[in-house]
Amino acid sequence: MRRPPRAPAEPLFSGPVTVWSLLQGIFAFGLVAGIYIMAFRRGMPENEARALAFFSLVTAVAALIFVNRSFSASVLTAISRPNPALKFVLLTVAATLALTQAWPVARDLFRFGPLHADDLALTLGAGTLVLCTLEFLKAAWHRQLRA
């Protein structure tokens, strides 16, 4: 609580914050949609493409969490800052994703196909791309807002 509270007449979301949020969502959606389309064009079975897109979406959302943890600090600071709730959520998500691949009943429930090592690398790469790209753009966005 280092900053004073927001004035009651001030809008909850400013125009720049809304635009920044839309840009993040459009970028993450475009990346996941591109992965899904690419999987179909390469002949990947529907259930595997579904799993690939879902895992990519989850890693992109995790990246968005880290990008938005702090607008002024770097991503390394955001990652190293202790947050037990975030750690619990990320571990739970990772365990659930692993369960959907390791346990056939869970895989069938979600209608996922098996993902191979290269597929998992692609999903992690998607999250990393979202994180790095938005961190770079965040710095440029803040410089633009200050100017």
Worksheet item: Looking at the stretch 66-79, which of its residues are surrounded by 10 or more Cβ atoms within 10 Å (Cβ to Cβ) and either modelled with pLDDT under 85 or in contact with a Ser or Thr (Cβ under 7 Å, 6 or more places away or on another chain) (or both)?
Response: Arg69, Ser70, Phe71, Ala73, Ser74, Val75, Leu76, Thr77, Ala78, Ile79
Discussion item. I'm trying to understand the selection: among the residues of the stretch 1-21, which are in a helix (DSSP H, G or I) and under 22 Å from the mean Cα position of the chain (by Cα)?
Written reply: Pro16, Val17, Thr18, Val19, Trp20, Ser21
Worksheet item: For the stretch 95-147, what are the residues that are among the charged types (D, E, K, R) and either within 17 Å of Leu22 (Cα to Cα) or surrounded by 13 or more Cβ atoms within 10 Å (Cβ to Cβ) (or both)?
Response: Arg107, Asp119, Glu135, Lys138
Response to the item:
For the stretch 73-85, the count of residues that are free of Cβ contacts under 8 Å to residues at least 60 places away in the same chain and either under 19 Å from Ser56 (Cβ atoms) or touching a helix residue (DSSP H, G or I) at 6+ places or on another chain (Cβ under 7 Å) (or both) equals 2
Fill in: So Ala95, is it farther than 19 Å from Cys132 by Cα, free of Cβ contacts under 8 Å to residues at least 12 places away in the same chain, hydrophobic (A, V, I, L, M, F, W, C) and not in a loop (DSSP other than H, G, I, E, B)
yes
Worksheet item: Do we find a residue being at pLDDT 95 or above and hydrophobic (A, V, I, L, M, F, W, C) anywhere in the stretch 129-136?
Response: yes
Worksheet item: Got at least one residue in the stretch 116-137 being free of Cβ contacts under 8 Å to residues at least 12 places away in the same chain, within 17 Å of Val58 (Cα to Cα) and aromatic (Phe, Trp, Tyr)?
Response: no
Worksheet, complete the sentence: Flagged in the stretch 49-64 as out of contact with any helix residue (DSSP H, G or I) (no Cβ under 7 Å at 6 or more places or on another chain) and surrounded by 15 or more Cβ atoms within 10 Å (Cβ to Cβ), in numbering order, are Arg50, Ala51, Phe54
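The values are calculated or read from the model by the stated rules, or taken from the named source; none is laboratory data. Note that the structure is a prediction, hence the values are computed from the model and not measured. Backbone-built Cβ (ideal geometry, glycine too); neighbour counts: all protein chains shown.
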